[in-house]
Amino acid sequence: MKTDTLESVQLGGVTQWIRIRTADTSNPVLLLMQQGPGLPIINEVRRFERLLGLEDAFTVVYWDQRGTGLSALPLRKHPNAFDISPRHMVDDAVSLLELLHDRFGGKTLIAGFSFGATYAAQAAVRRPDLVAALVATGMDIDIPLAETHAYDFALSTARQRGNRRAIRQLEAIGPPPHLDVKRFTTRARWVANFGGVASGASFTSVLRDLMTSLVRSPDYSATGIIRAVRGISASQAALLPELAATDLVTTMPRLEVPIVLAQGRLDQVAPGDAAQRFHDSLTAPSKQLVWFEKSAHTPHLEEPAKFRSLLMNVRATHLQKA
C-alpha cells in the first residue's frame, strides 16, 4: 500500500516530526539521518526522490531530529525548553528505531549523513537488534583531526589563490578547535567555497539550496522556515562543544551490525584518512569502504546513481537476513 504521511512522534518527551514515504509499506524500512549539526531533512524529500528514487524499494523515513526543522523549538519558547546534546540525539534515535520496529516489524536500514551517521552508529552499538545495516556517508569520525584538516585546507587554498578576504578571516579565527557558531561558520564557509563540501558548490549556493527546499516544501510554513533556520545555529551552539572530542576509532572498536562507509574522495570536512582508519580498526559482521571519486562531503547528492546502487546492494545483501 502506498504511503506518504507527515507525522509527529514523541521521542524523549519531545515532539518530533517524521515523513514516511513508500510505494509499498511491505518494503524494508530505510531511516535517513541528516547532516548536522542542525540541518533538517524533511525539506529534502523532493530532491531525494528526484535523485535517488528510494520510495520504490524502501519505506523511507525522513526525520527532523530534536531541535531541527519541524522539530525545532517554537519561536516563543525559551531556548532551554528542552535539552540538545549528543546523548539526547542518540537516545532519540534508539526510541525511533523502537517505534519503527513496533510499527513495521523487522530491522531498519539506516543511512546516516555526517553527524547523522555518527549518531546512527552510536545507536546501533546500543541496540544492534533493531538495525539491519548502517550506510555511513561522510561520517564524522575524528573531530580533532577533521577540524585541523578542514582549517589547514581552507587556509592553504586561500593562500595559493591569493584570496585576501579568506586569509584575513581564517587567520582571525585561528586554528581549531572552533567551538562557537561564528568561528565554525567562518571555517565552513571557506571550506565550502573551495569545493570541500560539494564539488562545484559554494557556501552561498548551499544556503540557497537549503532555503529553496524549505520554501518549496509543503511541510514548512513561513513560521516553520524561520524556526528551521534558527534551529541550525541553536543546535550548533549546543552541540559543537560536546562533539569536539569525538573519536570513533578510539571509542568504537566494535559494531554488531554490518556497515558500509560511503566516502567522498574530495571531502575536506570528514577526511578520507579517518574513514580508512576507522574501517581498518573496526570489528563488525561485515564492513566495506566505498570511495566516491567525484564527490566531497555529499556523495549521495553528487553521485546519486552510484549511491542508489550502493543502497540497493545493501538491501539485497542484508535486508533479506534481517
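The set of residues from the stretch 185-197 being open to solvent by less than 30 Å² (accessible area, probe 1.4 Å) and over 17 Å from the mean Cα position of the chain (by Cα) comprises Thr186, Arg187, Trp190, Val191, Phe194, Gly195. For the condition closer than 21 Å to Val90 by Cβ and touching a strand residue (DSSP E or B) at 6+ places or on another chain (Cβ under 8 Å), Ile42 qualifies.
Every condition in (1) part of a helix (DSSP H, G or I); (2) among the aliphatic types (A, V, I, L, M); (3) under 24 Å from Ala234 (Cα atoms); (4) in contact (Cβ under 8 Å) with a residue 60 or more places away in the chain holds for Ala123 except the one numbered (4). Are any residues in the stretch 147-190 within 20 Å of Ser233 (Cβ to Cβ) and among the charged types (D, E, K, R), and if so, which ones? Glu147, Asp180, Lys182, Arg183, Arg187, Arg189, listed by residue number. For Glu242, the test of being over 29 Å from Ile167 (Cα atoms) and among the acidic types (Asp, Glu) is failed.
Sort out which residues of the stretch 277-322 are polar (S, T, N, Q) and over 29 Å from Ser205 (Cβ atoms), and write them in order of number.
Ser281, Thr283, Ser286, Gln288, Asn313, Thr317, Gln320
Being surrounded by 15 or more Cβ atoms within 10 Å (Cβ to Cβ) and without any contact (Cβ under 8 Å) to a residue 12 or more places away in the chain is a condition met by at least one residue of the stretch 167-184. So for the stretch 127-141 (the condition being farther than 22 Å from Pro253 by Cβ, surrounded by fewer than 19 Cβ atoms within 10 Å (Cβ to Cβ) and either more than 18 Å from the chain's Cα centre (by Cα) or touching a residue at least 40 places away in the same chain (Cβ under 8 Å) (or both)), does at least one residue qualify? No: zero hits.
Within the stretch 122-143, track down each residue that is closer than 17 Å to Gln276 by Cβ and of a type outside the set (A, V, I, L, M, F, W, C). Residues satisfying the conditions are Thr137, Gly138, Asp140, Asp142. Residues in the stretch 270-322 that are in contact with an Asp or Glu (Cβ under 8 Å, 6 or more places away or on another chain), of a type in the set (A, V, I, L, M) and without any contact (Cβ under 8 Å) to a residue 40 or more places away in the chain: Ala284 only.
Within the stretch 198-209, the set of residues being part of a loop (DSSP other than H, G, I, E, B) and surrounded by 14 or more Cβ atoms within 10 Å (Cβ to Cβ) comprises Ala198, Ser199, Ala201, Ser202.
The values are calculated or read from the model by the stated rules, or taken from the named source; none is laboratory data. Since the model is a prediction, treat every value here as computed from it, not as a measurement. Using ideal geometry, Cβ is built from the backbone for each residue, glycine included, and neighbour counts are taken over all protein chains shown. These area figures cover heavy atoms from the full protein model, side chains too; ligands, DNA and RNA do not enter into them. Shrake-Rupley method; radii C 1.70, N 1.55, O 1.52, S 1.80 Å.
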